[in-house]
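Read through the structure below, which is laid out as C-alpha cells, and then see the notes.
Read the figures in this text as sums done on the coordinates, not as results from a lab. Computed from a predicted model, the values in this text were never measured in an experiment. With ideal geometry, Cβ positions are generated from the backbone for all residues, glycine too; neighbour counts draw on all protein chains shown.
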Amino acid sequence: MSERDDQTRGERQRRWRLVLGGPADDALGEADGRDGQMDAALAALYDAAAGDDEGGEQKSRRSAGLGGSAPRVARWLGDIREFFPSTVVQVMQADAIERLDLHRLLMEPEMLQAVEPDVHLVGTLLSLNRVMPDQTKAAARHVVRTVVDDLEKRIAQHTRAAVTGALNRASRTTRPRPADIDWDRTIRANLKHYQAEQRTVIPERLIGYGRRSHAVQRDVILCVDQSGSMASSVVFAGVFAAVLASIRSLRTSLVVFDTSVVDLTDQLSDPVEVLFGTQLGGGTDINRAVAYAQQLITNPRDSVFVLISDLYEGGVRQQMLRRVAEMTAAGVQVVVLLALSDEGAPSYDRENAAALAALGVPAFACTPDAFPELMAAAIQRRDLQSFAERFADR
C-alpha cells in the first residue's frame, strides 16, 4: 500500500471516528488534540440527546452534555463556530434547540450573542417573540436584522431584475423603437415571409417591448400561513415582500394568517418589523385569509395572488376552494406554494393540493432562489405547471 493510500485510509478512519463517537474508541482509537475537542462538541449534543433513551453505562458517560446551563451552552456555541463551517454550525444549532429544548435559554441576551444567525434561528426567535423579556428583544432584533440583511443581499438584485424584466416583456407593442424590438418573437411572427433566395426573413410586423412605465402595472398579494411548521417560509416571504414592495411598478400587499388575519403591508419598508409583526404557531383558517385577500383585488387581470401554506385547513374547506375558483375565473393569476424554503419536500394536505390542481392551480414547494423566476412567470401569465413538475417531491 502506498503512502498516499495510507493517508487516505487514515483520513477516512479519522472521519468515521468523529461520526461514531466514543463507542468507536476500541476499534478506531481515541480522538485527541483538535479532533478530541471536535469530538467533545459533537458528543455534548448528540450523545447527550441519545442518552435520554438508552440509560445504563452509556447514559452516565453522556451526562456531561449541554444540560440547561447558559454559560456551558454559550461556550459550546463558540466551540462549534471554531471547529465547523457555518453550514454545519447552523444544523447543529437547530438540532440543539430541538433535541435539548434550549428555547428558554434563547431568551437570554448572552445566548443570542453567541449563536450563529440563520433562518431557522430567526423562526425560533419569532415563535418566542410574545414571551421574550424586553431586555432580550434588542439582542433578538440584532440577530434577525443580520439574517434579513444577508437574505436581501442574496435575493434582492435577482428579484428586481427578474420582475422588472417580466413587467417590461408583459407590455408589448407593434411599433417599437429599434432598441425595444423583441427579435425572437418578431422572427417567429414573420416566418411565413422567409425569402429563400436571400436566406432571410422580411419582418412585416414588428413586436417589441413596451416603454418602461413607473405606473403600477401589477398588484401582488402574498398571503402567508404563519403556523409553526411554516417558520422558514414566513422569514423568506417577509423579505421577498419587502423587496417586491420596493419595485414601483408593483403594488405589493402582505397578509399573514393563522385563525385570524393580519395585514402587514404598511410595515413593508422594514422587513424586520414585518417579521416581528408575525405570530408563529396556532391554528389555520385559509378560507378567512383568502376571503380577506379577495377584498384587496381591484384589477383581477393584473393581479397575482400567492398563497404560501401547507394547506392544512382548519376553516371551511369548500368555501376556500370556491374562493380560489372565483379568483381564477375573474382572471387572477393564483400561485400556491406549499413552502418557500430550502428544506426540501414539505408535509402538506394532499387532498387540498389535488383539489386546487383540479381548478388549474398546481400547488408545489419552491426554493427561495427560484422564487424570482416564478414571480416573473406569474407576471407574464405563463403556465406554472412546469414549476410544479420541477419541484415535485423534492
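Brief remarks on what is shown
- Distant-in-sequence amide H partners of Y312 (H built 1.01 Å from N, under 5 Å): D349
- Amide H to amide H distances under 5 Å link S253 with V220, I221, L222, where only residues 5 or more positions off or on other chains count and H is placed in the peptide plane.
- Amide H partners (placed H, <5 Å) of G282, local residues excluded: G228
- Listed peptides 83-91, 191-199 by packing density, highest first (mean Cβ within 10 Å): 83-91, 191-199
- Dipole in debye (nearest 20) - segment 85-174, about Cα centre, beta carbon charges: Lys, Arg +1; Asp, Glu -1: 680 debye
- Per-residue ³J(HN,Hα) for segment 130-139, Karplus 6.51 cos²θ - 1.76 cosθ + 1.60, θ = phi - 60°, Hz, x for Gly and Pro: 6, 10, 6, x, 4, 5, 8, 4, 5, 5
- For I181 and V316, a Förster radius of 51 Å and the Cβ-Cβ distance give a FRET efficiency of 0.50, rounded to the nearest 0.05.
- The modelled label-to-label distance between Q198 and Q113, using points 7 Å beyond Cα along the C-beta direction, is 7.7 nm.
- Between segment 234-293 and segment 348-394, the alpha-carbon center distance in angstrom: 20 Å
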